[in-house]
Amino acid sequence: MIEAEHPAHLWRNPEPKRSYEVVIIGGGGHGLSTAYYLAAHHGITGIAVLEKGWLAGGNMARNTTIIRSNYLWDGSAGLYEHALQLWEGLSEELDYDILFSQRGVLNLAHSLQDVRDSVRRVEANRLNGVDAEWLEPEEVAEVCPIVNVSDAVRYPVLGATYQPRAGIAKHDHVAWAFARAADALGVDLIQNCEVTGLEVSGGQVTGVSTSLGLLAARRVAICAAGHSAVIAATAGLRLPVQTHPLQALVSELLEPVHPCVVMSNAVHVYVSQAHKGELVMGAGIDSYNSYVQRGSFHLIERQMAAALELFPIFARARVLRTWAGIVDVCPDASPVIGPTPIDGLYVNCGWGTGGFKATPAVGDVLAHTIAHGEPHPLAQPFGLERFESGALIDEHGAAAVAH
């Protein structure tokens with residue numbers, strides 16, 4: 001397998017054509033995977049991916065790489081399990097080592113209500129064919145010996161759900177794997193190309209206005225995390241999303257000490273160890289709306305305090321850097337995938353904290369939706385029409401903290 005990384009500034013930037021079959025707005029993981037599956041699985045040519053900065057330099061470069069499928073509701077479990085199955089064969093399909101590590105994910109329970117909710121989720125997962133187990137505190141300590149399972153703490157560990165097939169992947173490898181594969185199939189990957197508006201005539205999308213000029217297109221897909229609503233508004237389409245910062249941080253490099261991913265809703269933190277050795281920590285979104293990509297110190301402070309509740313061993317670890325992504329959030333904490341009232345215009349937004357783990361699945365189902373003009377069965381529950389019918393997929397709290 002090819003392991004060499006391809007810095008974005010060395011990526012060839014083709015001269016844009018004036019007309020495309022499909023234009024994808026957003027050169028992150030979702031945009032690149034959608035382009036790949038359109039070309040590879042549906043034989044569509046004439047595809048352009050537009051990125052206002054450099055490829056995969058937005059949220060794809062700011063996520064925390066956690067992959068799991070142990071979601072409560074049927075729609076979510078179906079989509080994320082499809083993603084996990086694709087993750088398991090992605091290095092081979094794309095001929096590029098994405099460093100997918102199935103080290104397992106623990107979701108801790110700290111109260112009787114946590115236990116009840118967690119056991120419910122385990123049983124729901126099993127009914128949907130998702131691997132899930134309930135572990136008692138002593139079993140938690142066997143899976144992750146550095147977790148504090150003492151009962152002499154504010155939030156004692158009463159047990160945890162465990163998904164052994166879950167884990168992490170290296171985000172930049174994932175991005176370049178899809179970029180290389182799409183490029184080899186003739187997709188134009190155009191950097192430094194900002195979309196300034198959508199062109200619509202007679203209820204049909206006709207193209208996009210960009211900093212490099214007008215590009216005609218029969219079909220357009222918005223895959224721009226944090227900016228979906230801004231782009232859609234240029235066509236008069238209001239999306240039910242709000243944009244929030246999402247904080248995270250990494251420690252200095254350490255020897256391998258953390259064998260899995262640990263998440264806790266009560267103390268509100270998740271912790272894993274990256275391939276290079278950093279501890280990766282984060283929690284939920286900031287409560288305020290913003291487009292800034294920098295950390296809020298009070299949230300970072302709380303994350304570190306929460307981490308020390310669970311991992312006293314990290315008391316002397318030093319923070320290396322902090323950052324924030326910007327994410328679209330829907331009212332029911334589930335994404336929007338599919339067509340819009342404007343013919344030929346498709347959206348993929350509202351992922352909140354769940355976008356990275358869905359990368360191959362959303363590319364697959366959105367490509368199918370674009371190619372066939374109707375939603376893929378796994379995308380069907382996530383359409384815009386649910387906000388009119390009330391058939392929401394409310395994953396708030398049901399699937400544990402954040403990622």
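The values are calculated or read from the model by the stated rules, or taken from the named source; none is laboratory data. Bear in mind the structure is a predicted one, so any value in this text is a computation, not a measurement. Ideal geometry is used to build each Cβ from the backbone, glycine not excepted, and the neighbour counts take in all protein chains shown. To get the accessible areas, we keep the full protein, side chains included, count just its heavy atoms, and leave off ligands, DNA and RNA. Shrake-Rupley method; radii C 1.70, N 1.55, O 1.52, S 1.80 Å.
Determine if segment 275-287 includes at least one residue that is of a type in the set (S, T, N, Q) and in a helix (DSSP H, G or I). Within segment 275-287 (the criterion being of a type in the set (S, T, N, Q) and in a helix (DSSP H, G or I)), the answer is no, since none of the residues qualifies.
Of all residues in segment 68-93, those that are hydrophobic (A, V, I, L, M, F, W, C), more than 23 Å from residue 381 (Cβ to Cβ) and open to solvent by 10 Å² or more (accessible area, probe 1.4 Å) total 0. Among the residues of segment 269-282, not a single one is open to solvent by 40 Å² or more (accessible area, probe 1.4 Å), out of contact with any Phe, Trp or Tyr (no Cβ under 7 Å at 6 or more places or on another chain), of a type in the set (A, V, I, L, M, F, W, C) and closer than 30 Å to residue 109 by Cα. Restricting attention to segment 40-59, the residues that are in contact with a Phe, Trp or Tyr (Cβ under 9 Å, 6 or more places away or on another chain) and not in a loop (DSSP other than H, G, I, E, B) add up to 3.
Tell me, please, whether a residue that is outside any loop (DSSP other than H, G, I, E, B) and of a type outside the set (Lys, Arg) can be found in segment 145-153. No: segment 145-153 contains no residue that is outside any loop (DSSP other than H, G, I, E, B) and of a type outside the set (Lys, Arg).
Step by step: first the residues of segment 185-200, then only those that are assigned to a strand (DSSP E or B) and open to solvent by 50 Å² or more (accessible area, probe 1.4 Å), then the one that is nearest to residue 27 (Cα to Cα). Which residue is that? Filtering first and then ranking leaves 196.
Among the criteria (1) closer than 29 Å to residue 382 by Cβ; (2) in contact (Cβ under 8 Å) with a residue 12 or more places away in the chain; (3) open to solvent by 40 Å² or more (accessible area, probe 1.4 Å), the one residue 230 does not fulfil is (2).
Going residue by residue through segment 5-24, is there one that turns out to be at pLDDT 95 or above and under 20 Å from the mean Cα position of the chain (by Cα)? Yes - at least one qualifying residue is present in segment 5-24.
Per the listing 165, 154, 180, the residue uniquely open to solvent by 40 Å² or more (accessible area, probe 1.4 Å), modelled with pLDDT of 95 or more, out of contact with any Gly (no Cβ under 8 Å at 6 or more places or on another chain) and over 18 Å from residue 221 (Cα atoms) is 180.
Matching residues to (1) in a helix (DSSP H, G or I); (2) open to solvent by less than 20 Å² (accessible area, probe 1.4 Å):
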site	(1), (2)
226	no, yes
239	no, yes
243	no, yes
257	no, no
262	no, yes
304	yes, no
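If you check every pair at least six apart or on different chains, which have Cβ atoms under 6 Å apart with a residue in segment 172-187 that is within 13 Å of residue 14 (Cα to Cα) first and a residue that is open to solvent by 10 Å² or more (accessible area, probe 1.4 Å) and at pLDDT 95 or above second? Cβ pairs passing all conditions: 187/39.
Sort through 203, 213, 159 and tell me the only one that's touching a strand residue (DSSP E or B) at 6+ places or on another chain (Cβ under 7 Å), open to solvent by 20 Å² or more (accessible area, probe 1.4 Å), at pLDDT 95 or above and on the phi > 0 side of the Ramachandran plot. Among 203, 213, 159, only 203 is touching a strand residue (DSSP E or B) at 6+ places or on another chain (Cβ under 7 Å), open to solvent by 20 Å² or more (accessible area, probe 1.4 Å), at pLDDT 95 or above and on the phi > 0 side of the Ramachandran plot.
Summed over segment 247-278, residues that are in contact with a Ser or Thr (Cβ under 6 Å, 6 or more places away or on another chain) and either over 30 Å from residue 145 (Cα atoms) or aliphatic (A, V, I, L, M) (or both) total 3.
Say whether the condition of being aromatic (Phe, Trp, Tyr), modelled with pLDDT of 95 or more and in contact with a Pro (Cβ under 9 Å, 6 or more places away or on another chain) is met by at least one residue in segment 325-346. Yes - at least one qualifying residue is present in segment 325-346. Scanning segment 317-351 for residues that are more than 21 Å from residue 389 (Cβ to Cβ), small (Gly, Ala, Ser) and in a loop (DSSP other than H, G, I, E, B) yields 317, 344.
Among the residues that make up segment 53-65, is at least one of them over 16 Å from the mean Cα position of the chain (by Cα) and either open to solvent by 10 Å² or more (accessible area, probe 1.4 Å) or on the phi > 0 side of the Ramachandran plot (or both)? Yes, segment 53-65 contains at least one residue that is over 16 Å from the mean Cα position of the chain (by Cα) and either open to solvent by 10 Å² or more (accessible area, probe 1.4 Å) or on the phi > 0 side of the Ramachandran plot (or both).
Just so you know, in segment 354-403 the residues that are closer than 24 Å to residue 64 by Cα and open to solvent by 50 Å² or more (accessible area, probe 1.4 Å) include one that is modelled with the lowest pLDDT, and it is 397.
Identify, please: which residue in segment 306-323 is aliphatic (A, V, I, L, M) and open to solvent by less than 60 Å² (accessible area, probe 1.4 Å) and is, among those, farthest from residue 243 (Cα to Cα)? Looking at residues that are aliphatic (A, V, I, L, M) and open to solvent by less than 60 Å² (accessible area, probe 1.4 Å), I get 317.
Filtering 299, 310 for residues that are more than 20 Å from the chain's Cα centre (by Cα) and farther than 27 Å from residue 331 by Cβ leaves a single hit, 310. The residue pairs whose first member lies in segment 104-131 and is among the polar types (S, T, N, Q), whose second member is open to solvent by less than 40 Å² (accessible area, probe 1.4 Å) and in a strand (DSSP E or B), and whose beta carbons are closer than 6 Å, counting only pairs six or more residues apart or on different chains, are 107/160; 107/161; 107/263; 118/109; 118/161. Test residue 337 against the stated conditions and say whether it is under 24 Å from residue 61 (Cβ atoms) and either touching a strand residue (DSSP E or B) at 6+ places or on another chain (Cβ under 8 Å) or β-branched (Val, Ile, Thr) (or both). In short, yes.
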